[in-house]
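Scroll down for the structure; my scribbles are underneath it.
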């Protein structure tokens with residue numbers, strides 16, 4: 001039977017849906033391979049396509065007026081993702097968004113945290129910056145709702161850090177995909193992640209985002 005989720009797939013649509021279900025349960029590629037009986041190479045390919053779809057979705061929903069001037073988002077070509085270890089987090093309308101950042105170092109982050117830079121500079125809309133090379137979060141709580149913003153950012157950072165540390169060394173080329181997956185999971189933590197993901201796939205099948213190995 002034709003697999004509507006992935007054109008030219010060797011797996012059945014039923015098996016593809018099982019992979020999506022297990023991905024939404026936050027199982028590792030090794031665990032999914034053992035449960036489904038599908039090779040880990042194939043599972044990794046599927047998971048990369050799923051994460052790519054989630055990354056594009058998250059990018060498309062990022063409020064444009066909250067984007068920092070030095071942001072880096074994914075491009076239109078397969079595998080065209082930011083290669084940076086610095087990510088800015090911003091909270092808007094009850095959601096937390098992440099963006100890869102360029103031209104940063106420890107000194108510029110410490111300066112950014114100072115009150116004098118709260119309303120100016122390329123990262124005025126950013127509430128926190130994560131340095132994934134050192135697993136450190138630089139946070140700036142400003143405005144009347146500073147504490148509320150801090151709580152949201154802390155929740156997102158906790159989820160992201162705990163999820164990514166289990167990989168024990170992420171490839172810089174795929175770090176962006178994993179952070180965007182964390183963003184999607186956090187913002188949809190009270191909803192049905194599997195249903196919303198399947199709706200996205202039904203609208204735009206995975207083959208349109210298939211990546212080169």
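The table that follows gives values for the structure above.
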item	result
Breaking point among (1) in contact (Cβ under 8 Å) with a residue 40 or more places away in the chain; (2) more than 17 Å from the chain's Cα centre (by Cα); (3) closer than 25 Å to residue 205 by Cβ, for residue 35	(1)
Those residues of segment 94-116 which are under 25 Å from residue 189 (Cα atoms) and modelled with pLDDT of 90 or more, in sequence order	95, 96, 97, 98, 99, 100
Test: residue in segment 51-61 that is outside any helix (DSSP H, G or I) and either within 20 Å of the chain's Cα centre (by Cα) or at pLDDT below 90 (or both)	no
Residue list for segment 133-168, filter: out of contact with any helix residue (DSSP H, G or I) (no Cβ under 6 Å at 6 or more places or on another chain), more than 17 Å from residue 185 (Cα to Cα) and at pLDDT 85 or above	133, 134, 135, 136, 139
Positions within segment 1-34 being loosely packed, with under 13 Cβ neighbours inside 10 Å, in contact with a helix residue (DSSP H, G or I) (Cβ under 8 Å, 6 or more places away or on another chain) and at pLDDT 90 or above, in sequence order	26, 30
Positions within segment 169-210 being modelled with pLDDT of 90 or more and not in a helix (DSSP H, G or I), in sequence order	188, 189, 190, 191, 192
Selected residue (criterion: farthest from the chain's Cα centre (by Cα)) from residues of segment 95-114 that are touching a residue at least 24 places away in the same chain (Cβ under 8 Å) and assigned to a loop (DSSP other than H, G, I, E, B)	113
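The values are calculated or read from the model by the stated rules, or taken from the named source; none is laboratory data. As the structure is a prediction and not an experimental result, all values here were calculated from the model. A quick note on method: Cβ atoms are made from the backbone with ideal geometry, for glycine too, and the neighbour counts reach across all protein chains shown.
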